[in-house]
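The values are calculated or read from the model by the stated rules, or taken from the named source; none is laboratory data. Note that this is a predicted model, so its numbers are computed, not measured. Here the Cβ positions follow ideal geometry from the backbone for every residue, glycine too, while neighbour counts run over all protein chains shown.
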Number of protein chains: 2
Amino acid sequence: MTALERDLAQNAEAIEAIFSRLLPEAHGAQARLYGAMRYASLNGGKRLRPFLVSAGARLFNVPTERALRVGAAIELIHCYSLVHDDLPAMDDAPTRRGRPSNHVQFDEATAILAGDALQSLAFEVLSDEATHPKASVRVELLRLLADASGAAGMCGGQMIDLEAEARMLSFDEIVHLQRLKTGALFQFSSESGAILGGASSPERDALRAYADDLGLAFQIKDDLLDVEGDPALAGKALGQDAAAGKATLVALLGVDEARSRLLRLQASAEHHLQRFGPAAGPLRQLFAFVINRSH
Amino acid sequence: MTALERDLAQNAEAIEAIFSRLLPEAHGAQARLYGAMRYASLNGGKRLRPFLVSAGARLFNVPTERALRVGAAIELIHCYSLVHDDLPAMDDAPTRRGRPSNHVQFDEATAILAGDALQSLAFEVLSDEATHPKASVRVELLRLLADASGAAGMCGGQMIDLEAEARMLSFDEIVHLQRLKTGALFQFSSESGAILGGASSPERDALRAYADDLGLAFQIKDDLLDVEGDPALAGKALGQDAAAGKATLVALLGVDEARSRLLRLQASAEHHLQRFGPAAGPLRQLFAFVINRSH
């Protein structure tokens, strides 16, 4: 196990513990809703976004618990989006991480509500003073998370993605789509550690720029895995984008150019991290992990 | 036109103006999403929740614009919940206020995303400093709105409501359901004007208690209209609860007892408003309006 894998596992465990506290096993009238929210969030995910928060926060000596709370809030947004994206009216995915999707395990109505309530919970977590003693810091985090989640961010990206099924997008259009759909949350994750630590604007910008490269690399790698990956490792069917005749970054670039693009993005990310010196090691390792993963 | 009707109309116009600013006619990649968000929010609704905010805020001399922004945020949550509640997997309602439901006018995927993005937008509106110059006030509003919207509030109530289709609820269970499903937002609306105005705890509690009575009266009146109302005025089919064999407050109380319950709730609300004297006139008029409306 590498140092990064150990860090990732520790971070993921801490996030699961927070989710378990936030979403206790419920009894009574709303038990089904809480059950679906637990199923959606306690899912053994890699927790890359919370890891980004914590790795950024460490650069500014932010107390661990604060970074974990912000990471948990962002991960709740990510989890809700997966529940809604999997719905029959959206991507119609029967499985997620090798388990039945939320609407298969429960039902569509419950999955819609669980997603809605997870979104609310994300904002509730940020607004609590355990996240940061200064209200002005919490409110800035809230504003940026709302912006990254909504029509100008994640939801907007998913809308463009759905419409992309009707026509082939260009390379630039796919990059734009990805920046909204997954990039906005990545960038906020990376920047939020700096916000918690009262960092300067150039430091915040550098972490956003790093995450912009990371997000694009993540998408290119996802597309490569969809072409070349192992369905058993992925926990889902592969080759679906190609089967659906969907334009992907890899289809547009070709496999070789896509691979070399990953390395150029890594160099660009390194350039942005330079100002932080060796302390940015975990962020460097994360980039390498994202472009080398097998699922 | 009564004074209240004029006040309501002015307030509704101001809310529509804010929504128009927040959601301009969009072009380009996300145009469809913004279109569905506009359709969901610029809908000619009565805007009772924003009116509650403004009427409460006036007791504490809060600048109009601040109350309107909080009202707009709460109304965005209400509008998103209607879009999701109307979905085929939920209440499967083909129309809303005499127009095709969002998923009929657009499609299911767009309606799900528009609801999601409207929820994010609500939190974005509250986090902006135009809502209140003090971050501590904004963050308290954010925390309470998240709480009222999520599993312990509106979403939880909708979950109980969906499960109620499988069995008959008791009177107390329906009251609990209603407190979560619509009451939580009513109570937050009423209290938020006091929060904006830096009011005391007893003043905040009194406004919450007033809204608790108002919410229950609203539900009883809704049930009465479902039994006795005019479908042309309602803009939707009536008698659906009875046809679905669903327990309603009116079915459990009987029409006569339901009507007398409305008057007892009005007396209780008056008791809570007493401390505010004549300045609470609009809140009194709103209560009378809710229990006397014809749709």
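Laid out as a table, the results:
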item: Qualifying residues in region B:9-28 (those that are modelled with pLDDT under 95 and farther than 21 Å from B:Gln119 by Cβ) - the one farthest from the chain's Cα centre (by Cα); result: B:Gly28
item: Among (1) acidic (Asp, Glu); (2) in a helix (DSSP H, G or I); (3) free of Cβ contacts under 8 Å to residues at least 40 places away in the same chain - the single one A:Asp7 does not satisfy; result: (3)
item: Residue in region B:94-114 that is at the interface with chain A (Cβ under 9 Å from one of its Cβ atoms) and closer than 16 Å to A:Ala152 by Cβ present; result: yes
item: Hits in region A:169-183 (condition: under 13 Å from A:Gln219 (Cα atoms) and either crowded, with 22+ Cβ neighbours inside 10 Å or more than 10 Å from every other protein chain (Cβ to nearest Cβ) (or both)); result: A:Phe171, A:Ile174, A:Val175, A:Leu177, A:Gln178, A:Arg179, A:Leu180, A:Lys181, A:Thr182, A:Gly183
item: Conditions (1) away from chain A (no Cβ under 14 Å); (2) at pLDDT below 95; (3) surrounded by 19 or more Cβ atoms within 10 Å (Cβ to Cβ); number of the one not met by B:Phe51; result: (2)
item: Any hit, region A:96-111, residues being at pLDDT below 95, part of a loop (DSSP other than H, G, I, E, B) and closer than 30 Å to B:Glu108 by Cβ; result: yes
item: Filter pass, A:Gly71 being away from every other protein chain (no Cβ under 14 Å), out of contact with any Leu (no Cβ under 7 Å at 6 or more places or on another chain) and outside any helix (DSSP H, G or I); result: no
item: Number of positions in region A:149-168 that are more than 7 Å from chain B (Cβ to nearest Cβ), of a type outside the set (A, V, I, L, M, F, W, C), crowded, with 18+ Cβ neighbours inside 10 Å and assigned to a loop (DSSP other than H, G, I, E, B); result: 1
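One line per residue, one yes/no per condition, for (1) closer than 22 Å to B:Lys181 by Cβ; (2) aliphatic (A, V, I, L, M); (3) assigned to a helix (DSSP H, G or I); (4) within 14 Å of another protein chain (Cβ to nearest Cβ):
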position	(1), (2), (3), (4)
B:Ala26	no, yes, no, yes
B:Leu33	no, yes, yes, yes
B:Tyr39	no, no, yes, yes
B:Asn61	no, no, no, no
